[in-house]
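Engineer: Can you keep this structure in mind? I'll have questions shortly.
The values are calculated or read from the model by the stated rules, or taken from the named source; none is laboratory data. This is a predicted model, so every value here is computed, not measured. All Cβ positions, glycine included, derive from the backbone under ideal geometry; neighbour counts span all protein chains shown.
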Number of protein chains: 2
Amino acid sequence: VGEVTGASRLVAGSMVDCDPAESGCLLRYAYAPSLLPPPAAGVDSMWRYRDLLPVAGGPVRFPLPVGGSPLIAAPRLGTRLGLGDLWLKDETRGTSASNKDRATALVIESGLRHGADTVTVASTGNAAVATALGAAAAGLRATIFVPASVRPTRLALMLAAGARVLLVEAGYDTAFRLSREAAARFGWLDRNTGVNPLTIEAKKSVAFEVWEQLDRRAPDVVAAPVGDGPTLCGVAKGFRELVACGAIERPPRLLGVQAAGCQPLVRAWEGASPRPGERDPAGTIADGIAVSAPSSGDLVLYEVRHSDGAMVAVPDAALLEAIGALAATTGVLAEPAGAAAVAGLAAAFQRDLVSADALTVALVTGRELQAPASRAAPGRSWTIRGEIAEVEQALLGE
Amino acid sequence: VGEVTGASRLVAGSMVDCDPAESGCLLRYAYAPSLLPPPAAGVDSMWRYRDLLPVAGGPVRFPLPVGGSPLIAAPRLGTRLGLGDLWLKDETRGTSASNKDRATALVIESGLRHGADTVTVASTGNAAVATALGAAAAGLRATIFVPASVRPTRLALMLAAGARVLLVEAGYDTAFRLSREAAARFGWLDRNTGVNPLTIEAKKSVAFEVWEQLDRRAPDVVAAPVGDGPTLCGVAKGFRELVACGAIERPPRLLGVQAAGCQPLVRAWEGASPRPGERDPAGTIADGIAVSAPSSGDLVLYEVRHSDGAMVAVPDAALLEAIGALAATTGVLAEPAGAAAVAGLAAAFQRDLVSADALTVALVTGRELQAPASRAAPGRSWTIRGEIAEVEQALLGE
């Protein structure tokens, strides 16, 4: 994690080990009210919170806008769900139309300051597209590892942005291992979620924005989709840091939402093992959160427990219902994973896990883009079984 | 135009008639420096310019964020095109991922203040989707007229948002006539581009934002795609109003860009008639600007001429090239019409219509969204030949 130096506010030794119960793998700062920005009319960008990000002085180099997503009141959707004070944090408007743009931006910003020329990530889709587009904008090369079953639309988006894409037949877990191994071997910037602490650092900025957009208050409940986990963990860390800075008294309760077809953390939360068909990445339409072995799973459970929150699973039918309700009552379009928080709130309300009068925020984490029409995409892809030697061979042969 | 009352800055009589040479169909204000907002760190929203919009006092009722799109430096794309100072005004991040969101928001804002319950528009796609989503968010009913050949993805987006969609077999011109007739007969809010002056009023806010984002300077050149025309006319009016308010000395030169397969205004600009195959809405992939009889055509030619600008047409191959160059050098995704300004700048530079050292802004007007997965879209569609009686019958039978 050599790239996370440079912010003098970082507390030395905060990177020593990774004990979720102590949040030891997360960056710590010398928290004080002065680290928070002064009140402003709007929340324009993630960089607004750079005193709480591991970014040293000097101009921001990442060239695309990031963060500053709207918080939208959703009274009619709230009525439908039984919630009297519901807000949507709409993360669908960014470069790649998902909240993965935040993590991409911070990792690449750090890389640009350290002379990186290539960034790598393994992903089922959204993080890969975000990385491809962010790298294109920043003038970096992106080498991306995806399961060979990746959706054609998403592959086309990566190739349009000029990425080198390794289609790994052995699936996501192998893609993840290969991406990490390639990063170490070739000196590439490692943007892998749950591994690079900057991904959680970036995603915590959502909490800061919500706090400002609610006139410097914390909500009572925040619902977030959970795949690998950094989105929820980022929210948790952000609000905890607001407490540490003296800005709020207590963090919100966290509702983590998984798809019923792939819910290892919900079952772990319940102290059970997933039943057959409950840990299958192909078992749900919500591919953005279909992760059988979540990289930040322990931390998710820790954060949810310490927030007095809950984990719920929702079937695909509830995700489709939530997508429709979002579009028809708020005009916000969401992909299945992007609508999971809303679906989860409906389930949680039914089970008395959320009260009707709670100030509630649902993260809408992404919407689906179409691949652009393009004559000759500048990117290139290779199908490999899953060996690092194949990666070297592919890239050398280029 | 009863709905454009309420702004006391509006000069009485400005709506008398519609003479493009006099811009008489456009709203006029009592221009003064005080109508412009004070400098701020960011440009967060179109409503920032409400002293130059026909919106009376009181809170804005339209519930979704609109405007405040980023202006992105594009040095590597500029190098590719031969332009030394190129910027992108990225209009792809809004609710419906196109600049149609601005016009939709202002028309609906006005309608909400006048008790409207239904909004109507005829569109080949983007304005229809924007209207459906904006109406859903605002709690209005949307009744939308589209050619029966509308892209299935776009129809699905409208239905997901709960719109009533009339699929008109006789095509766009008939859809347009029917939408207007229905608005008059049923008292609906008429959001039709080029008819409702609010569409140009809203789109002019792009000029204000560019001016602020360039540290209160005007660019030398602004390139915009031209279909019906309001996008370019809005830019023209915005910069003219900045001159009128004493903010800039002269407006930028305007480059209007059409697709070679449907370029009635480029041929008119050249004093010629379109040749066979040059006025065909199906003759280009850029369906967003494929309009055979542009509603604001005369005004477009007037504005381009008075800006000392030019009109160019680009073939589909150049649009595809521009889409690829945008993605690979800036990370910005565009649909074909959304990339037309960039393609047009390449063509204009080759023909010495734009110089290498000009401060140049290209409007990237939209990107393509996928239809959301949804179990039962709340909207409904009817296929009709093209008679108003069919409209009544469809809606009565509902």
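Engineer: Of all residues in the range A:86-113, which are assigned to a loop (DSSP other than H, G, I, E, B), hydroxyl-bearing (Ser, Thr, Tyr), under 25 Å from residue A:188 (Cα atoms) and touching a residue at least 60 places away in the same chain (Cβ under 8 Å)?
Structural biologist: A:96
Engineer: Moving on to the next point. Just the residues that are assigned to a strand (DSSP E or B) and either over 24 Å from residue A:152 (Cβ atoms) or of a type in the set (Ser, Thr, Tyr) (or both), please, taken from the range A:357-375.
Structural biologist: Once the filter is applied, which keeps residues that are assigned to a strand (DSSP E or B) and either over 24 Å from residue A:152 (Cβ atoms) or of a type in the set (Ser, Thr, Tyr) (or both), the range A:357-375 yields A:359, A:360, A:361, A:362, A:363, A:364.
Engineer: Quick one: count up the residues across the range A:191-208 that are within 18 Å of residue A:90 (Cβ to Cβ) and either surrounded by fewer than 23 Cβ atoms within 10 Å (Cβ to Cβ) or among the basic types (Lys, Arg) (or both).
Structural biologist: Qualifying residue count for the region: 2.
Engineer: Please name all residue pairs, on different chains or six or more residues apart, with Cβ atoms under 7 Å, provided the first residue is in the range A:60-85 and is farther than 28 Å from residue A:328 by Cβ and away from chain B (no Cβ under 12 Å) and the second residue is of a type in the set (Phe, Trp, Tyr) and buried (at least 17 other Cβ atoms within 10 Å of the Cβ).
Structural biologist: A:60/A:47
Engineer: Picking from B:40, B:97, which residue would you name as being within 14 Å of chain A (Cβ to nearest Cβ) and at pLDDT 95 or above?
Structural biologist: So the residue among B:40, B:97 that is within 14 Å of chain A (Cβ to nearest Cβ) and at pLDDT 95 or above is B:97.
Engineer: Pull up the range B:150-176, narrow it to residues that are within 14 Å of chain A (Cβ to nearest Cβ) and charged (D, E, K, R), then point me to the one that is farthest from residue B:285 (Cα to Cα).
Structural biologist: B:164
Engineer: Taking the condition under 20 Å from residue A:329 (Cβ atoms) and within 14 Å of another protein chain (Cβ to nearest Cβ), does residue B:189 pass?
Structural biologist: Criteria not met by residue B:189.
Engineer: Only residues that are under 30 Å from residue B:141 (Cβ atoms) and surrounded by fewer than 24 Cβ atoms within 10 Å (Cβ to Cβ): list them for the range A:288-323, please.
Structural biologist: Correct list: A:316, A:317, A:318, A:320, A:321.
Engineer: Sort out which residues of the range A:241-275 are touching a Ser or Thr at 6+ places or on another chain (Cβ under 8 Å), over 23 Å from residue A:335 (Cβ atoms) and surrounded by fewer than 24 Cβ atoms within 10 Å (Cβ to Cβ), and write them in order of number.
Structural biologist: Across the range A:241-275, the qualifying residues are A:253, A:267.
Engineer: Okay, moving on. Looking at A:134, A:125, A:84, A:78, which is the one that is closer than 22 Å to residue A:178 by Cα, modelled with pLDDT of 95 or more and not aromatic (Phe, Trp, Tyr)?
Structural biologist: A:134
Engineer: Restricting to the range A:130-189, name every residue that is assigned to a helix (DSSP H, G or I), surrounded by fewer than 17 Cβ atoms within 10 Å (Cβ to Cβ) and hydrophobic (A, V, I, L, M, F, W, C).
Structural biologist: A:184, A:186
Engineer: Would it be correct to say that residue A:120 is in contact (Cβ under 8 Å) with a residue 24 or more places away in the chain and part of a loop (DSSP other than H, G, I, E, B)?
Structural biologist: no
Engineer: Output the number of the condition that residue A:332 fails; it satisfies all remaining conditions of (1) part of a loop (DSSP other than H, G, I, E, B); (2) facing chain B (nearest Cβ under 8 Å); (3) farther than 26 Å from residue A:263 by Cα.
Structural biologist: Only one criterion is unmet by residue A:332, namely (3).
Engineer: Now a separate question. Looking at the range B:43-59, which of its residues are within 12 Å of chain A (Cβ to nearest Cβ), crowded, with 22+ Cβ neighbours inside 10 Å and outside any helix (DSSP H, G or I)?
Structural biologist: Once the filter is applied, which keeps residues that are within 12 Å of chain A (Cβ to nearest Cβ), crowded, with 22+ Cβ neighbours inside 10 Å and outside any helix (DSSP H, G or I), the range B:43-59 yields only B:43.
Engineer: Could you check residue B:374 against (1) polar (S, T, N, Q); (2) within 14 Å of another protein chain (Cβ to nearest Cβ); (3) within 21 Å of the chain's Cα centre (by Cα) and say which number it fails?
Structural biologist: (3)
Engineer: Just checking, does the range B:200-220 include any residue being within 30 Å of residue B:386 (Cα to Cα) and over 13 Å from the mean Cα position of the chain (by Cα)?
Structural biologist: No, every residue in the range B:200-220 fails to be within 30 Å of residue B:386 (Cα to Cα) and over 13 Å from the mean Cα position of the chain (by Cα).
Engineer: For residue A:17, are the conditions met, namely being at pLDDT below 90 and either away from chain B (no Cβ under 14 Å) or part of a loop (DSSP other than H, G, I, E, B) (or both)?
Structural biologist: Yes: the conditions hold for residue A:17.
Engineer: Go through the residues of the range A:348-368 one by one and say whether even a single one is within 14 Å of chain B (Cβ to nearest Cβ) and more than 20 Å from the chain's Cα centre (by Cα).
Structural biologist: Within the range A:348-368 (the criterion being within 14 Å of chain B (Cβ to nearest Cβ) and more than 20 Å from the chain's Cα centre (by Cα)), the answer is no, since none of the residues qualifies.
Engineer: So, one more: Checking the structure you have, find out if any residue of the range B:94-109 is acidic (Asp, Glu) and either over 21 Å from the mean Cα position of the chain (by Cα) or surrounded by fewer than 24 Cβ atoms within 10 Å (Cβ to Cβ) (or both).
Structural biologist: For the range B:94-109, residues acidic (Asp, Glu) and either over 21 Å from the mean Cα position of the chain (by Cα) or surrounded by fewer than 24 Cβ atoms within 10 Å (Cβ to Cβ) (or both): absent.
Engineer: If you don't mind, there's one more thing I want to ask. If residue A:85 satisfies all but one of (1) under 29 Å from residue B:68 (Cβ atoms); (2) buried (at least 24 other Cβ atoms within 10 Å of the Cβ), what's the number of the condition it fails?
Structural biologist: All conditions pass for residue A:85, except number (2).
Engineer: Identify, by number, the condition in (1) touching a Ser or Thr at 6+ places or on another chain (Cβ under 6 Å); (2) away from chain B (no Cβ under 14 Å) that residue A:117 doesn't meet.
Structural biologist: (1)
Engineer: Which of (1) within 14 Å of another protein chain (Cβ to nearest Cβ); (2) buried (at least 18 other Cβ atoms within 10 Å of the Cβ) does residue A:278 not meet, given it meets every other one?
Structural biologist: Only one criterion is unmet by residue A:278, namely (1).
Engineer: Tell me, which residue of the range B:195-212 that is assigned to a helix (DSSP H, G or I) and of a type in the set (A, V, I, L, M) is nearest to residue B:71 (Cα to Cα)?
Structural biologist: B:210
Engineer: Further question: Scan the range B:372-385 for residues that are small (Gly, Ala, Ser) and modelled with pLDDT under 90 and jot them down.
Structural biologist: Result: B:373, B:374, B:376, B:377.
Engineer: Mind checking which residues of the range B:290-320 are within 30 Å of residue A:376 (Cβ to Cβ) and modelled with pLDDT of 95 or more?
Structural biologist: Result: B:310, B:311, B:312, B:313, B:314, B:315, B:316, B:317, B:318, B:319, B:320.
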